[in-house]
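Down below is the structure, laid out as structure tokens.
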Amino acid sequence: MRNSAWRTAIPLVALVATLGACGAEPATSQQAGGGEDSIKVGILHSLSGTMAISEVTVRDAELLAIEEINAAGGVLGKKLVPVVEDGASDWPTFAEKATKLIARDKVATVFGGWTSASRKAMLPVFERRKALLWYPVQYEGLESSPYIFYTGATTNQQIVPGLEYLKEQGKKKIFLVGSDYVFPRTANKVIKAYAAANGMQVIGEEYTPLGHTEYSTLVNKVVQAKPDAVFNTLNGDSNVAFFKQLKSAGATAESLPTMSVSVAEEEVKGIGVDNIAGHLVAWNYYQTTENAANGKFVAAFKAKYGADKVTSDPMEAGYNAVYLWAEAVKKAGSVEVEAVRKAAGGIELERPEGLVTIDGENQHMFKTARIGVVQPDGLIKEVWNSKEPIKPDPYLKGYPWATGLAQG
Amino acid sequence: MTLTTERPVAKTPPATWRTRLQGPAVFATVAVLALVVAPLLLEPFRLGLLAKYLVYAIVALGIGLAWGQGGMLVLGQGVFFGLGGYAMGMHLKLVEAQGDLPDFMVWSGVEQLPALWEPFANPVFALAMVVLAPMALATALGALVFRQRVRGAYFAILTQALAAAFVILLIGQQGLTGGTNGLTNFFELFGQDLALDETQRVLYIVVAVVLGLLYLGARQLVNSRFGRLLVAVRDGEDRVRFLGYNPATVKTVTFAISAGMAGLAGALFVPVVGIISPALLGVVPSLELVVAVAVGGRFALAGAVLGAVVMGYAKTTFSEQFAGGWLYLQGALFILVMTLAPRGIAGLLRRRRKETR
């Protein structure tokens with residue numbers, strides 16, 4: 001009896017001791033701010049949980065950028081050392097890990113986040129500690145934190161051009177379908193204001209919980225309402241079920257086109273190209289976007305991660321973020337946050353999506369809007385673009401119809 | 001599977017002066033470690049994390065009471081945690097907005113402060129709701145289901161469904177609750193700047209003291225006549241009924257106490273971590289805490305507290321060391337403890353103590 005108690009106790013004690021050792025280890029091995037010849041940068045995406053499937057690809061793109069910059073000699077003669085943390089698709093965890101990266105690892109900057117909820121959770125951490133976050137995903141606007149650089153599109157670079165395209169095509173009656181969280185709800189607020197001012201009519205607005213997969217009722221509702229087009233702000237897995245049901249209800253891309261703002265190359269693979277070919281999407285970058293920088297990016301990504309991999313808008317925005325930060329550091333001659341912020345304004349780089357300029361005022365990017373059609377091979381072909389980069393306007397101040405939306 | 005297959009014999013050892021002093025001595029040592037040594041040794045970031053584990057330990061204490069002592073497997077403590085957390089969060093948001101609308105309402109298209117929010121501007125009302133709202137809900141639920149003799153797995157499933165429904169409700173009402181984002185971006189608590197390390201240290205002490213007091217209170221309860229009745233209800237509800245007691249009352253009171261603890265923990269969580277969101281209250285986080293209690297040892301209140309701290313610490317450490325695969329380690333830790341020591345760490349310690357005596 002006495003023996004068996006010890007037999008169980010010993011492994012447990014060993015386990016706790018190992019735990020303790022693990023916990024104590026970083027305290028000794030990590031020095032502040034990286035070593036003499038290295039600069040630490042944080043990467044904070046969900047590597048587990050529902051968002052992992054999307055966010056892992058952005059992490060990969062950011063690691064690729066870091067590798068390329070190091071191969072070219074690093075920044076200020078120093079190598080970049082990534083410190084990767086898992087946000088676990090859980091917003092408070094994002095805040096905790098951001099604090100850890102800033103306070104313990106003393107990283108020079110953090111690249112991270114995907115969902116708006118994760119950004120909102122991290123925002124107070126970065127503002128309070130005066131540290132920098134580079135956020136790589138299109139979002140709902142109405143925000144401009146001095147300690148965040150937004151390398152994805154804001155509403156006037158994605159949603160508004162998407163609406164303009166639909167209007168141009170003579171689509172008057174719009175049905176809104178979205179996941180139930182802050183991005184779709186805020187985006188739809190913008191869409192309704194635009195529609196009201198432009199002679200369009202919103203004939204339906206439906207939300208489903210994130211991760212929802214039963215769409216037959218909703219699709220019936222949409223089909224019966226007979227809209228000219230559907231504006232789709234569904235996120236993640238829900239798109240798979242939605243497009244399948246839409247197809248089995250007999251709707252085609254011709255009879256009932258949809259405009260999606262959260263479906264990129266990576267998602268098309270998951271949805272199944274048969275279900276979504278011919279439908280419209282709005283982004284700033286496609287794998288097929290033609291220019292020298294993109295050829296290089298796509299080739300390098302496939303070489304590192306596999307020939308079957310695709311590149312998408314958020315990945316490109318994450319990849320850009322690392323380059324833009326590095327450029328600002330070079331210009332500032334230091335990784336010090338205030339100096340980098342000051343130097344960042346006006347920086348111009350040729351990126352895979354075309355020319356990108358940092359707007360020093362709101363820390364968003366000038367980006368070219370592109371409308372695309374999903375092709376039978378799973379890639380996206382551009383059918384329209386805004387000709388030149390659009391100035392970011394997160395509060396839609398330059399749009400008369402949007403007054404009243406943006407008093408924040 | 002019955003949920004109470006393992007019944008520890010509630011036999012008090014002969015009360016020599018040694019055994020009498022052992023408990024208080026351990027408690028005093030832990031209190032000194034927590035209140036004096038930890039704030040001196042730990043850097044602010046780690047102290048903040050420890051405060052978070054202790055907050056979870058308060059919820060775990062409630063689970064230990066309801067499940068370990070009372071046999072009620074509560075899988076939805078997130079609901080009560082959330083009620084407390086949101087009551088606190090709403091108050092902090094209103095204080096900061098200073099008469100304006102809280103930030104998330106502005107971008108959610110809400111033009112007027114909802115009536116539900118108005119009373120939360122009053123700190124006394126908000127603090128009262130932190131405990132009263134969860135207790136009222138638990139009492140109402142308990143009065144309904146325990147009288148109907150809903151128990152065992154059915155009760156467990158009911159609490160879990162409640163957590164799932166609560167999350168859907170919160171997410172659906174973005175203008176009222178902040179939706180998936182929850183409430184975040186807090187700057188001050190009763191005039192104190194939350195960003196200061198000093199404030200966070202005081203908060204840590206407050207959390208530790210609250211946990212200590214609740215632990216003593218819960219111990220007192222378990223050792224009282226009521227506590228014995230509770231254990232009796234767990235082990236033979238029908239027999240207790242035949243003896244003339246009403247098990248429904250005993251269970252409802254215990255359930256309400258555990259809900260009140262969860263609510264208080266939720267309120268402390270908000271200033272410590274700086275956010276309250278539906279992601280913290282759903283089925284999975286509620287289950288995680290039950291798992292922590294199982295690991296620590298559900299039959300001892302100290303086991304529940306220990307489990308919450310150990311699992312919290314393990315989660316942080318594993319995810320920092322192995323960002324890619326930490327969830328597997330977390331699961332492995334649970335399986336290992338459960339196979340080697342089905343009564344958790346506390347059960348193991350207790351057995352050892354008995355044998356060496």
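The values are calculated or read from the model by the stated rules, or taken from the named source; none is laboratory data. It should be emphasised that the depicted structure is a prediction, and the values quoted were computed from it without experimental measurement. FYI the Cβ positions are ideal-geometry reconstructions off the backbone, even for glycines, and counts take in every protein chain you see. Areas reflect the complete protein model, heavy atoms only, side chains present, ligands, DNA and RNA absent. Shrake-Rupley method; radii C 1.70, N 1.55, O 1.52, S 1.80 Å.
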- [ ] Calculate how steeply helix B:44-63 sits against the longest principal axis of the alpha-carbon atoms of chain B, using the helix alpha-carbon long axis, and give the answer as 0 to 90 degrees to the nearest 10.
- [x] 60 degrees
- [ ] Decide, for segment A:263-408, between rounded, prolate and oblate: order the square roots of the alpha carbon gyration tensor eigenvalues as a ≥ b ≥ c, take rounded if a/c falls under 1.5, and otherwise choose prolate if a/b is larger than b/c, else oblate.
- [x] oblate
- [ ] Would you mind computing Rg(Cα) / (2.2 N^0.38 Å) for chain A, counting N as its residues?
- [x] 1.05
TODO: Determine how many Å³ per residue the convex hull of the Cα atoms of segment A:129-222 encloses.
DONE: 114 Å³
Task: Heavy-atom accessible surface of segment B:45-175: percent carbon and sulfur, 1.4 Å - done: 67 percent
TODO: Provide the FRET efficiency to the nearest 0.05 for the B:L21-A:K304 pair, computing r from the beta carbons and using R0 = 56 Å.
DONE: 0.30
- [ ] May I ask for the distance between the Cα centers of segment A:352-400 and segment A:311-328, given as a whole number of Å?
- [x] 14 Å
Task: Per residue value of the accessible surface for chain A (all protein chains in place, 1.4 Å probe), Å² - done: 36 Å²
Task: Given chain A, longest segment not containing exposed loop GluC sites (Glu not before Pro) (DSSP; at most 13 other Cβ within 10 Å) - done: A:37-213
Open item on the list: Can you return the lysines within cross-link range of A:K106? Criterion is Cα-Cα under 18 Å, with same-chain partners fewer than 8 residues away left out.
Closed with: A:K40, A:K78, A:K79, A:K97, A:K130
TODO: Check each residue of segment B:311-325 and keep those whose accessible area, probe 1.4 Å, is at least 40 Å² smaller with all protein chains in place than in the chain alone; give them in order of residue number.
DONE: B:Y313, B:E320, B:Q321, B:A323
- [ ] Find, among the trypsin sites (Lys or Arg not before Pro) in segment B:45-96, those assigned to loop by DSSP (not H, G, I, E, B) with at most 15 other beta-carbon atoms within 10 angstrom.
- [x] none
Task: Degrees separating the helix B:77-97 axis from the principal Cα axis of chain B, which is the longest one - done: 30 degrees
Open item on the list: Among A:Y207, A:V273, A:L234, which residue has its Cα furthest toward the positive end of the charge dipole of segment A:204-329, with +1 on Lys/Arg Cβ and -1 on Asp/Glu Cβ?
Closed with: A:V273
- [ ] Measure nothing but the geometry: give the 0 to 90° angle between the long axis through the Cα atoms of B:247-273 and the longest principal axis through the Cα atoms of chain B, rounded to 10°.
- [x] 50 degrees
- [ ] Work out, in µm²/s and without decimals, the Stokes-Einstein translational diffusion coefficient of segment B:62-180 at 25 °C, 0.890 mPa s, Rh from Kirkwood over C-alpha pairs.
- [x] 156 µm²/s
Open item on the list: Treating only the Cβ of Lys, Arg, Asp and Glu as charged (+1, +1, -1, -1), what charge dipole size does the protein assembly as shown show about its Cα centre? Round to the nearest 20 debye.
Closed with: 3800 debye
TODO: Summarise the partner chain shielding of B:268-280 as one whole number: the mean count of Cβ atoms from other chains within 10 Å of each residue's Cβ.
DONE: 4
TODO: Divide, for segment B:27-88, the radius of gyration over alpha carbons by 2.2 N^0.38 Å, where N is the residue count.
DONE: 1.39
Task: 10 °C / 1.306 mPa s Stokes-Einstein diffusion coefficient of chain B, Kirkwood radius on C-alpha pairs, µm²/s - done: 75 µm²/s
- [ ] Starting from one equal scatterer on each C-alpha and no solvent at all, send me the Debye-based log10 I(q)/I(0) for the protein assembly as shown at q = 0.08 Å⁻¹, two decimals.
- [x] -0.70
Task: Unit charges on C-beta of K, R, D, E only; dipole of chain A, Debye - done: 640 debye
- [ ] Please count, across segment A:251-334, the pairs of lysine residues with Cα atoms under 21 Å apart that sit 8 or more places apart or on different chains.
- [x] 5
Open item on the list: Restricting to Cα pairs below 8 Å that are 6+ residues apart, what does the relative contact order work out to for segment A:101-157? Please round to a whole percent.
Closed with: 31 percent
Task: segment B:24-57 and segment B:131-157: distance between their alpha carbon centers, rounded to Å - done: 33 Å
- [ ] Based on alpha-carbon positions alone, could you give the equivalent ellipsoid semi-axes of segment A:120-279 from the gyration tensor, as √(5λ), descending, whole Å?
- [x] 29, 18, 14
Open item on the list: Just to be sure I follow the definition: excluding the sites themselves, where is the longest run in chain B that has none of the GluC sites (Glu not before Pro) in a DSSP loop with at most 12 other Cβ atoms within 10 Å?
Closed with: B:112-357
Open item on the list: Using the Cα centre of segment B:260-357 as origin and beta-carbon charges of +1 (Lys, Arg) and -1 (Asp, Glu), tell me which of B:V283, B:A294, B:A267 is placed farthest towards the positive end of the dipole.
Closed with: B:A294
Open item on the list: Less than 17 Å apart at the alpha-carbon level, and either on another chain or at least 8 residues along: which aspartates and glutamates does that give for A:K381?
Closed with: A:E254, A:E265, A:E266, A:E267, A:D274, A:E290, A:D313, A:E316, A:E353
TODO: Evaluate the distance, in nm, between pseudo-label points positioned 7 Å from the Cα of A:E338 and of A:K391 along their respective Cα→Cβ axes.
DONE: 2.8 nm
- [ ] Rounding to the nearest 20 debye, state how big the charge dipole of segment B:32-128 is about its Cα centre with +1 on each Lys and Arg Cβ and -1 on each Asp and Glu Cβ.
- [x] 460 debye
TODO: Evaluate Rg over Rh across segment B:52-117, taking Cα atoms for both radii and Kirkwood's formula for Rh.
DONE: 1.18
TODO: Compute the relative contact order of chain A as a whole-number percentage, counting only Cα pairs closer than 8 Å that sit 6 or more residues apart in sequence.
DONE: 16 percent
Task: Percent RCO, i.e. relative contact order, over chain B, from Cα pairs under 8 Å lying at least 6 residues apart - done: 31 percent
TODO: For A:K391, go through the lysines and keep the ones whose alpha-carbon is under 20 Å away, minus same-chain ones fewer than eight residues off.
DONE: A:K342, A:K367
